[in-house]
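Notes to accompany the following structure.
What follows draws every value from the coordinates through simple rules; no lab data is involved. Note that the coordinates shown come from a computational prediction; the quantities given were computed from them, not determined experimentally. So basically every Cβ, Gly included, is an ideal-geometry build from the backbone, and we count neighbours across all protein chains shown.
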Amino acid sequence: MFENRLCATPLTPEGRFLLSNSLKHIVLAAALVTSGAVFSVPASAAVISPQIFNFSGDCSDCTGTGTGTLTLTSDYTLGSELTSSNFISFTYNGSDLQDPFTIFGSDSGFNIAGNLPEGLPSFAYVQISSDDWYFISYADKSPGYWELGSNAVPDDFGLSHTWSSATATPEPTTIGLLGLGLAAVTCLGRRRSKA
């Protein structure tokens, strides 16, 4: 009954045997991999997604809104100090007055200070600089004020800003894709053999 709903053609006894064995192998492999019996990956070698935070500031000198993206390591905790060890990059997307730029932790003269509060979205004190660029947004001193530029000269600034956490879109699991592919191949194989 399941086979008829899936492919509209019943499986032959040989097809059932092959499908049953294939599924057994897939389930066994998945169980071994997830239990760590096949291989184990050291924590330092694991691929971990970075955390993405979006900056949006109303421009006082430029037209519209200034936007940027702060990329931090996965171990950064909201409310804790921003350091060079949890910083990956900051990208300002540009405006009608300022070209886009990116600051990396490996840039000459790199420095970072501040923190992102637990209650995002909100304004925050974040200061990032290199020999070529700087960015600063205030939380307590001048709530909402932000500026950025080159050579300590503000190119864009504003009186209001917001930091927010970007939500990552989860990717489909490998086992789910493999199962879907197996079902599609089985259906195509039956239709071809029937013709």
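Worth pointing out:
- FRET efficiency for the Leu159 to Ile48 pair, using the beta carbon distance and R₀ = 41 Å, is estimated at 0.65.
- Across segment 49-165, the convex hull enclosing all Cα atoms gives 90 Å³ per residue.
- Neighbours of Asp107 by Cβ distance under 13 Å: Lys/Arg scored +1, Asp/Glu scored -1, total -2.
- Relative to the current alpha-carbon distance between Ser108 and Asp131, full extension at 0.36 nm per residue lengthens the span by 7.7 nm.
- Subtracting the Cα-Cα distance of Ser60 and Thr83 from their residue separation scaled by 0.36 nm leaves 5.4 nm.
- In a reduced charge model with +1 at each Lys and Arg Cβ and -1 at each Asp and Glu Cβ, segment 49-165 shows a dipole moment near 260 debye about its Cα centre.
- Segment 57-101: Cα Rg divided by the 2.2 N^0.38 Å rule of thumb: 1.43
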